[in-house]
Amino acid sequence: MWVVPEKEIAGLMTPEAAFDAIESVFASMARRKAYNFPVVREAIGYEDALYGFKGGFDAAALTLGLKAGGYWPNNQKHGIINHQSTVFLFDPDTGRVAAAVGGNLLTALRTAAASAVSIKHLAPKGASVLGMIGAGHQSVFQMKAAARVNKFERVLGWNPHPEMLGRLADTAAELGLPFEAVELDRLGAEADVIIAITSSFAPLLMDGHVKGPTHIAAMGTDTKGKQELDPALVARARLFTDEIAQSVSIGEYQHVIAGNLVQQDAIGELGAVVTGDNPGREGDEVTIFDGTGVGLQDLAVAAAVVELAKQKGVAQRVEI
Ligand code: NAD
């Protein structure tokens with residue numbers, strides 16, 4: 001099997017390659033050539049850790065495998081980040097393990113690529129203002145990926161912990177974009193595209209904040225109970241997601257489904273917009289992409305990285 005260590009990923013995977021891999025796997029999912037397996041996510045009762053697996057099979061790309069890992073909130077004492085994961089790929093012809101790939105940076109790149117795919121396909125025409133809600137580890141990748149697919153002129157930002165806003169200011173400066181920290185009512189009214197990437201368990205962006213036409217990439221909610229958007233805002237928007245089953249169980253749409261504000265058949269797949277089977281944005285409405293993070297995203301970027309690592313001679317071969 002091939003091993004691609006975490007420390008090699010930054011030199012191999014680009015946001016461009018991640019974008020292509022994610023757009024393509026979303027299209028395969030919509031064509032029913034690829035499917036995700038049910039997610040396992042458990043509080044293991046040790047070190048407050050959440051541990052689990054996300055897996056799937058892409059019959060078009062012949063990618064089979066899983067990402068194992070989770071969230072260890074006390075990792076600072078070990079000098080490593082709290083999100084830890086590894087992707088394992090298997091040979092779909094034989095079932096033999098084919099690769100183990102460091103999954104930490106890949107997770108950030110594939111998550112940012114997913115919201116960028118949604119922005120490319122669903123942002124209002126002429127979108128020029130990006131609104132960022134969230135200033136954690138993922139926010140940097142999100143802003144950079146968004147700026148790759150749309151020509152923004154300025155960035156507005158808000159975070160529940162204002163002391164973290166410097167991270168957004170620094171990232172905008174790196175991109176050559178003016179940045180302003182604002183309250184959520186201004187962010188909602190002025191931003192054409194909004195990315196929400198927090199670990200909130202209560203709505204932050206309210207219906208009255210958003211004046212539209214607006215595209216919202218809701219990326220933070222990936223677990224039961226988490227929530228970033230007012231259900232009334234979700235109920236009046238056109239809804240898209242990576243995978244419907246995940247969006248209604250662990251994603252942002254779990255709340256409007258549980259509250260009976262939205263029927264499941266009102267939710268479209270972003271992959272169907274990519275393939276042209278769903279028209280996507282039709283006018284001046286609010287669109288929402290609920291990015292829940294599916295296993296096939298992890299497999300797609302990991303498979304691309306293994307090929308790049310082999311070409312560059314940095315993949316290690318081990319017998320198992
Ligand atoms: P982080 O710990 O670096 O940052 C956390 C962010 O959430 C900060 O903006 C912080 O101010 C905010 N926050 C923390 N506690 C909060 C609370 N109780 N209420 C409201 N906001 C709070 O985390 P990160 O790595 O940037 O990840 C952000 C979120 O994105 C997490 O919820 C994570 O699970 C999620 N995520 C989703 C995907 C996906 O595929 N959809 C992938 C990776 C991470």
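Values computed for the structure shown
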item	result
Residue ID - nearest to Glu23 (Cα to Cα), chosen from residues in region 237-255 that are surrounded by fewer than 23 Cβ atoms within 10 Å (Cβ to Cβ) and out of contact with any strand residue (DSSP E or B) (no Cβ under 6 Å at 6 or more places or on another chain)	Ala245
Residue check, Gly70 at pLDDT below 95 and not hydrophobic (A, V, I, L, M, F, W, C)	yes
Members of region 127-138 that are within 6 Å of the ligand (Cβ to nearest atom) and crowded, with 19+ Cβ neighbours inside 10 Å	Gly134, Ala135, Gln138
Number of the exception - Ala108 against (1) farther than 26 Å from Ile44 by Cα; (2) part of a helix (DSSP H, G or I)	(1)
Condition check for Glu6: in contact with a Gly (Cβ under 7 Å, 6 or more places away or on another chain), modelled with pLDDT of 95 or more and surrounded by fewer than 21 Cβ atoms within 10 Å (Cβ to Cβ)	yes
Leu299 assigned to a helix (DSSP H, G or I), touching a helix residue (DSSP H, G or I) at 6+ places or on another chain (Cβ under 8 Å), within 14 Å of the ligand (Cβ to nearest atom) and within 30 Å of Ala135 (Cβ to Cβ)	yes
Residues located in region 128-141, provided they are outside any loop (DSSP other than H, G, I, E, B) and aliphatic (A, V, I, L, M)	Val129, Leu130, Met132, Ile133, Val140
Single residue of Ala172, Ala145 found to be aliphatic (A, V, I, L, M) and either modelled with pLDDT under 95 or crowded, with 24+ Cβ neighbours inside 10 Å (or both)	Ala145
Residues of region 227-265 classified as more than 10 Å from the ligand (Cβ to nearest atom), part of a loop (DSSP other than H, G, I, E, B) and out of contact with any Pro (no Cβ under 7 Å at 6 or more places or on another chain), total	6
Of residues in region 59-88 being assigned to a strand (DSSP E or B) and within 16 Å of Ile9 (Cα to Cα), the one nearest to the ligand (Cβ to nearest atom)	His83
Flag for Ala113 being touching a helix residue (DSSP H, G or I) at 6+ places or on another chain (Cβ under 8 Å), of a type outside the set (Lys, Arg) and either free of Cβ contacts under 8 Å to residues at least 12 places away in the same chain or crowded, with 22+ Cβ neighbours inside 10 Å (or both)	yes
Strands (runs of 3 or more DSSP E) enclosed by region 142-226 - at least 1 residues per element that are of a type outside the set (S, T, N, Q), in contact with an Asp or Glu (Cβ under 8 Å, 6 or more places away or on another chain) and within 16 Å of the ligand (Cβ to nearest atom)	154-158, 193-196, 201-205, 214-218
Among the candidates Gly188, Gly259, Gly208, Gly220, residue that is assigned by TED's automatic domain parsing to the domain that holds Met164, under 17 Å from the mean Cα position of the chain (by Cα) and either on the phi < 0 side of the Ramachandran plot or modelled with pLDDT under 95 (or both)	Gly220
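Each row is one residue, and each column tells you yes or no for (1) touching a strand residue (DSSP E or B) at 6+ places or on another chain (Cβ under 7 Å); (2) among the basic types (Lys, Arg); (3) without any contact (Cβ under 8 Å) to a residue 40 or more places away in the chain.
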{"position": "Ala10", "(1), (2), (3)": "no, no, no"}
{"position": "Met13", "(1), (2), (3)": "no, no, no"}
{"position": "Ile22", "(1), (2), (3)": "no, no, no"}
{"position": "Phe26", "(1), (2), (3)": "no, no, no"}
{"position": "Arg31", "(1), (2), (3)": "no, yes, no"}
{"position": "Leu66", "(1), (2), (3)": "yes, no, no"}
{"position": "Ile81", "(1), (2), (3)": "no, no, no"}
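The values are calculated or read from the model by the stated rules, or taken from the named source; none is laboratory data. As the structure is a computational prediction, the values presented were derived from the model and not from experiment. Positions of Cβ are backbone-derived with ideal geometry, glycine not excepted, and every protein chain shown enters the neighbour counts.
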